[in-house]
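Report on the structure given below.
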Amino acid sequence: MNRLDEFRQELQNRMAAIRTGGTTSSFSRTAGMAAASSRGGNEIAGYLTPSREEVWQWWESVRGSMHVRMNDVYRNFAAGTEFFYVHDDDTINAFAGQSEDEKKPFQIVFFGGAMRFSRIASLAVAVDMCGRPGTASRFARSIDMNGMMSIRGALNVMSECGLDEMFFLPGVRAKAQAVSSGMIVGILAHEMGHVCLGHINGPSYYESNPEIARNHEREADSFASSITAACPFGEYVYEGTLFWHYVLAMQEGNEAVASTHPLSRERLENIIRANSSKASALGIRIGY
């Protein structure tokens with residue numbers, strides 16, 4: 001059994017535990033609360049671990065978007081897709097794949113590490129937008145994630161970057177929540193694109209020609225743009241999506257990480273060209 005097969009088996013076991021009410025819960029607000037002990041720690045931990053209702057709202061805004069609802073093919077694909085938020089997995093990732101459930105043959109999985117990273121990155125953007133320009137760019141260049149983000153790690157990053165104190169500045173928290181909503185909706189919309197565009201075709205999808213898979217990523221990006229253009233968080237979607245790819249590009253450097261994805265720099269440059277004024281406001285431009 002290779003590494004990918006092992007991962008699939010582990011994920012199937014986790015999903016089975018969720019469906020049968022096992023110890024792994026789909027949603028949690030309490031995980032990691034005890035890790036916060038500084039001033040306003042509970043409020044910060046609450047921001048890092050949004051409620052089930054909030055996460056579900058993001059998912060519904062994608063599944064029920066006009067772009068999906070007005071297309072019979074997309075609507076049927078969405079109806080056959082199950083969503084899982086695996087809060088206790090620190091991996092900064094989300095993906096779409098096949099499911100063992102015959103009634104819902106597809107699944108979109110969003111990991112807790114991606115949630116925590118999204119919330120911290122959005123906080124940096126919010127501080128930047130609330131009068132401390134350059135915060136977002138400095139944050140992107142200094143953070144070292146190594147693909148993982150635990151609750152404790154998130155709190156440490158916030159402390160090291162001074163974001164824990166900035167969290168309480170007037171207007172920052174509300175703006176951070178709005179930006180992160182846009183960021184997460186954009187990610188979920190991208191994964192929905194893989195499902196609705198027929199990219200999920202069993203193991204061959206993961207093992208296909210890398211250039212074909214990269215084209216799938218570009219198509220999913222375009223699909224996501226059609227959803228986010230009219231989503232409830234539209235005002236903040238582009239800031240969130242742009243900054244997500246900006247941080248990934250800073251982490252990735254000039255080399256692709258053995259991946260079927262296009263270089264993050266390529267995807268970032270596409271977003272910058274389409275939203276140059278928003279990028280400029282955050283100190284982001286082609287050439288970085």
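The values are calculated or read from the model by the stated rules, or taken from the named source; none is laboratory data. None of the values given here were measured: they were computed from a predicted structure. Every residue, glycine as well, gets a Cβ built from its backbone with ideal geometry; the counts of neighbours run over all protein chains shown. When the accessible area is computed, the model is the full protein with side chains, heavy atoms only, and any ligands, DNA or RNA have been set aside. Shrake-Rupley method; radii C 1.70, N 1.55, O 1.52, S 1.80 Å.
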> Fully extended, how many nm does the chain gain between residue 43 and residue 69 (0.36 nm per residue separation, minus their Cα-Cα distance)?
Replying inline: 5.7 nm
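Just order 44-51, 188-195, 214-221 by mean Cβ neighbour count inside 10 Å, highest at the front, would you? Write out the running numbers ahead of the final one.
Details: 44-51: 20.8, 188-195: 25.4, 214-221: 17.9.
By packing density, highest mean first, the sequence is 188-195, 44-51, 214-221.
Cα convex hull of the range 59-138: how many Å³ per residue?
Numbers: hull volume 9.6 nm³, N = 80.
Dividing the Cα hull volume of the range 59-138 by its residue count gives 120 Å³.
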> Accessible surface of residue 200 in the full protein assembly, 1.4 angstrom probe, to the nearest 10 Å²?
Replying inline: 10 Å²
> Ignoring any ligand, DNA or RNA, what whole percent of the accessible area of the range 101-182 comes from carbon and sulfur when the probe is 1.4 angstrom?
Replying inline: 50 percent
> If you find the alpha carbon centre of the range 140-174 and of the range 101-138, how far apart are they in angstrom?
Replying inline: 12 Å
>> Taking 8 Å as the Cα distance limit and 6 or more residues as the minimum spacing, I'd like the relative contact order of the range 84-234 as a percentage.
In response: 25 percent
> What span do the alpha-carbon atoms of the range 92-233 cover on each of the three principal axes, reported in whole Å from largest to smallest?
Replying inline: 48, 32, 31
> What FRET efficiency comes out for the pair residue 101/residue 226, r = Cβ-Cβ distance, R0 = 35 Å, nearest 0.05?
Replying inline: 0.80
> In percent, how large is the relative contact order of the range 46-113, given Cα pairs closer than 8 Å and 6 or more residues apart?
Replying inline: 28 percent
> Can you run phi through the Karplus equation (6.51, -1.76, 1.60; θ = phi - 60°) for the range 76-93 and list ³J(HN,Hα) in whole Hz, with x for Gly and Pro?
Replying inline: 5, 4, 5, 5, x, 10, 9, 10, 10, 10, 8, 5, 8, 9, 7, 5, 8, 6
>> With every protein chain left in place and a probe of 1.4 Å, what is the accessible surface of residue 152, to the nearest 10 Å²?
In response: 150 Å²
>> Per residue, how much accessible surface does the range 27-184 expose to a 1.4 Å probe? Answer in Å², no decimals.
In response: 43 Å²
> Hey, what's the per residue convex hull volume over the C-alpha atoms of the range 116-156, in cubic angstrom?
Replying inline: 64 Å³
